[in-house]
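Report on one structure; see the data block that follows.
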Amino acid sequence: MAAQVRLGIVGAGYMGMEHAHGFRLLPDVQIAAVCDRDAAAAERLAAATGHQPRICTRWEELVTQPDLDGIIITVPNFLHHPVAEAALKAGKHVLLEKPLATTVEGAHAVLKAAETSGRQVQIGLVYRYSHLYNKMAEILADGQFGPVTMLWCKEFRASFPPNPWFYSQEASGGSLVEKNCHHFDLFNWFAGSRPKKVFAMGGQHVIRQGQPTEVGWWYVQQDGAEPLTVTDSQVIDNAWVTVEYENDARANLGLCLYLRPNNLAEEGLEIGLIGETGAQMVAYANKKIGLSGGPFGDLRYIVPDRDTFSPWHIGGQRERTEFLETCRTGKKPWADLQIAYDSLLVALAAERSIKEERVVYLSEVSGHA
Ligand SMILES: NC(=O)c1ccc[n+]([C@@H]2O[C@H](COP(=O)([O-])OP(=O)(O)OC[C@H]3O[C@@H](n4cnc5c(N)ncnc54)[C@H](O)[C@@H]3O)[C@@H](O)[C@H]2O)c1
C-alpha cells in the first residue's frame, strides 16, 4: 500500500471543488485542511472532500500546517505567487493552478522559492495529462510530420465565469494570461522549439469598459451560478495572437469570449498543426483527432480514450495522480515550472503586444537576453 498523502486546498471556488471531487476518488490521500476567505465556501469544500478537514479562512495559516505534504492552490491568479512562495518556504510540494503568476516578477519569485526549498511545483496545465493531446504528441514523435511548421488554436467560447476577478486586468493578468496559457503551452510542446516573439491584436467587442454587461451566461445556464453584471471590465474579449519560434514555426491563436450560449459548433475548441511533409493534424472539441495529408493520405479520425472524471478538464485525474506521486517521492512533475514559465511568457508578451501595438520579443518580457 502506498503511503498516505496529506493535502491542503486553498481556494474553495470552482476549481477547488473540482480537485476535492477528483481526489476523493483516489486511494491513499487525505484532504486534511481547506481554506477560503469565505467561511461558507470553505465549509462546502470541506464537505465535498468527504475527509472532515480542518477549516480556516486565512491562507497564511493553512500553508504552514506541519502535517501537510502538499498544498493545492486554487485562488484567483494574482494570489498564485504569494501563496505558492509561502507554501514552498514552509517545505510543501505545490499543485498550483495555471497561470504560474500574473507578472514575470511573481513567476521569478516562485522559481526562486522552489529552487531554495527543493520542493516541487506542478502547474495545472491539465492538457499535458490528457489522452487526446498526448496522442498528438505521440503521433508527432513518429516523425511522419517532419518539423512542425504551422500551428493554430481557435478558442471561441462564452464569457468568463460570473466572478469579478476574471474581469480585472490586475487580478487575472488579462484574458490571454488567464485562459490561453493552456494553448500557448500546447503550441510550445508541439512546436518542439522555444518561442521567440509575439505579435497580437485584441480589444473589447461586447464586454466593454463603461458598459454594463451581464457575464458568465454559460455558467448561469449550466451550473446555476448567480449572474453578474460588470460595468468596468478591463480585459479583452477578443484577440488574434501570432507566435514565432526559434525554428521558424509560426502559431496563431484566435480568442473570442462572447459566443452565446457557448461554442456549439461541431469542431468546438480546435487545435491544429501542419508539418514540413504536408501532413495536417487537428484536435476537435477535446474529443477527436483528424489526421490527413503527407504520408497519411486521406482524412481519418482517431478517438482516444476519454479521460476519466473531469469532462471539462480532460487529464485532471492523471494530473492529480501525478501530484500524489510527487508528494511521495519528490519526483519532478511533467507539467513543471519551466513549461509554465514558457507559456506565461508568451501570454505576457501577447498582452504587452496588444497594449503597445508592436512585436514583443520574449527576451524583453523575461528580462533575459
Ligand atoms: N486548470 C484549469 O483548466 C482551470 C480551470 C478553471 C480555473 N482554473 C484556475 O483556478 C483558479 C481558481 O479559479 P476558479 O474558477 O476556481 O475561481 P473562483 O472564483 O471560483 O474561486 C476562487 C476562490 O478563491 C477564494 N479566495 C479569493 N481570495 C482569497 C484569499 N485571499 N484567501 C483564501 N481564499 C480566497 C474565493 O473566495 C473563491 O472561493 C484560477 O487560477 C484559475 O485560473 C484552472
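The values are calculated or read from the model by the stated rules, or taken from the named source; none is laboratory data. Only a predicted model underlies this, so the values are computations on that prediction, with no experimental measurement involved. Quick reminder, even Gly has a Cβ in these numbers, built from the backbone with ideal geometry, and neighbours come from all protein chains shown.
Mind listing whichever residues of the range 21-38 are in contact with a Gly (Cβ under 8 Å, 6 or more places away or on another chain) and either in contact (Cβ under 8 Å) with a residue 40 or more places away in the chain or within 16 Å of the ligand (Cβ to nearest atom) (or both)? First the steps, then the outcome.
First, the residues of the range 21-38 that are in contact with a Gly (Cβ under 8 Å, 6 or more places away or on another chain): 22, 24, 31-36.
Gly22, Ile31, Ala33, Val34, Cys35, Asp36 - these are the residues of the range 21-38 that are in contact with a Gly (Cβ under 8 Å, 6 or more places away or on another chain) and either in contact (Cβ under 8 Å) with a residue 40 or more places away in the chain or within 16 Å of the ligand (Cβ to nearest atom) (or both).
Among the residues of the range 39-66, which ones are surrounded by 17 or more Cβ atoms within 10 Å (Cβ to Cβ), away from the ligand (no atom under 12 Å from the Cβ) and assigned to a loop (DSSP other than H, G, I, E, B)?
Listed by number, the residues that qualify are His51, Pro53, Gln65.
Would the range 80-94 turn up any residue that is assigned to a strand (DSSP E or B) and either at negative phi or crowded, with 23+ Cβ neighbours inside 10 Å (or both)?
Scanning the range 80-94 turns up at least one residue that is assigned to a strand (DSSP E or B) and either at negative phi or crowded, with 23+ Cβ neighbours inside 10 Å (or both).
Can you go through Gly118, Gly106 and tell me which one is more than 30 Å from Lys288 (Cβ to Cβ) and within 19 Å of the chain's Cα centre (by Cα)?
The match here is Gly106.
Looking at this structure, is Gln204 in contact with a Pro (Cβ under 6 Å, 6 or more places away or on another chain), more than 11 Å from the ligand (Cβ to nearest atom), modelled with pLDDT of 95 or more and not acidic (Asp, Glu)? I'd like the intermediate steps shown before the answer.
Details: in contact with a Pro (Cβ under 6 Å, 6 or more places away or on another chain): no; more than 11 Å from the ligand (Cβ to nearest atom): yes; modelled with pLDDT of 95 or more: yes; not acidic (Asp, Glu): yes.
Against the criterion (in contact with a Pro (Cβ under 6 Å, 6 or more places away or on another chain), more than 11 Å from the ligand (Cβ to nearest atom), modelled with pLDDT of 95 or more and not acidic (Asp, Glu)), Gln204 does not qualify.
Condition first: touching a residue at least 40 places away in the same chain (Cβ under 8 Å), part of a helix (DSSP H, G or I), in the same structural domain as Thr277 (by TED's automatic domain parsing) and more than 16 Å from the ligand (Cβ to nearest atom). Can you find one or more residues in the range 207-230 that meet it?
Among the residues of the range 207-230, at least one is touching a residue at least 40 places away in the same chain (Cβ under 8 Å), part of a helix (DSSP H, G or I), in the same structural domain as Thr277 (by TED's automatic domain parsing) and more than 16 Å from the ligand (Cβ to nearest atom), which makes the answer yes.
Within the range 327-353, can you find the residues that are more than 25 Å from Val198 (Cα to Cα), part of a helix (DSSP H, G or I) and either in contact (Cβ under 8 Å) with a residue 24 or more places away in the chain or touching a strand residue (DSSP E or B) at 6+ places or on another chain (Cβ under 9 Å) (or both)? Give the derivation first.
Step one: filter the range 327-353 for residues more than 25 Å from Val198 (Cα to Cα), giving 327-334.
Restricting the remaining residues to those that are part of a helix (DSSP H, G or I) gives 327-329.
Of everything in the range 327-353, those that are more than 25 Å from Val198 (Cα to Cα), part of a helix (DSSP H, G or I) and either in contact (Cβ under 8 Å) with a residue 24 or more places away in the chain or touching a strand residue (DSSP E or B) at 6+ places or on another chain (Cβ under 9 Å) (or both) turn out to be Cys327, Arg328.
Could you tell me whether any residue of the range 153-176 is among the aliphatic types (A, V, I, L, M), over 15 Å from the mean Cα position of the chain (by Cα) and away from the ligand (no atom under 16 Å from the Cβ)?
Of the residues in the range 153-176, the ones among the aliphatic types (A, V, I, L, M) are 158, 171, 176.
From what's left, over 15 Å from the mean Cα position of the chain (by Cα): 158, 171.
This time we only want the ones that are away from the ligand (no atom under 16 Å from the Cβ), so: none.
Looking through the range 153-176, none of the residues is among the aliphatic types (A, V, I, L, M), over 15 Å from the mean Cα position of the chain (by Cα) and away from the ligand (no atom under 16 Å from the Cβ).
Spot the failing condition for Ala340; the list is (1) more than 20 Å from His182 (Cβ to Cβ); (2) crowded, with 19+ Cβ neighbours inside 10 Å; (3) small (Gly, Ala, Ser), and only one is missed.
Unmet condition: (1).
Give all pairs with beta carbons closer than 6 Å in which a residue from the range 299-326 that is modelled with pLDDT under 95 meets a residue that is of a type in the set (D, E, K, R); count only pairs at least 6 apart in sequence or on separate chains.
So the pair list comes out as Val303/Lys288; Pro304/Lys135; Ile314/Asp307; Gly315/Asp307.
Search the range 318-336 for residues being within 15 Å of Trp189 (Cβ to Cβ) and surrounded by fewer than 24 Cβ atoms within 10 Å (Cβ to Cβ), and hand back the single one that is nearest to the chain's Cα centre (by Cα).
So the residue we want is Asp336.
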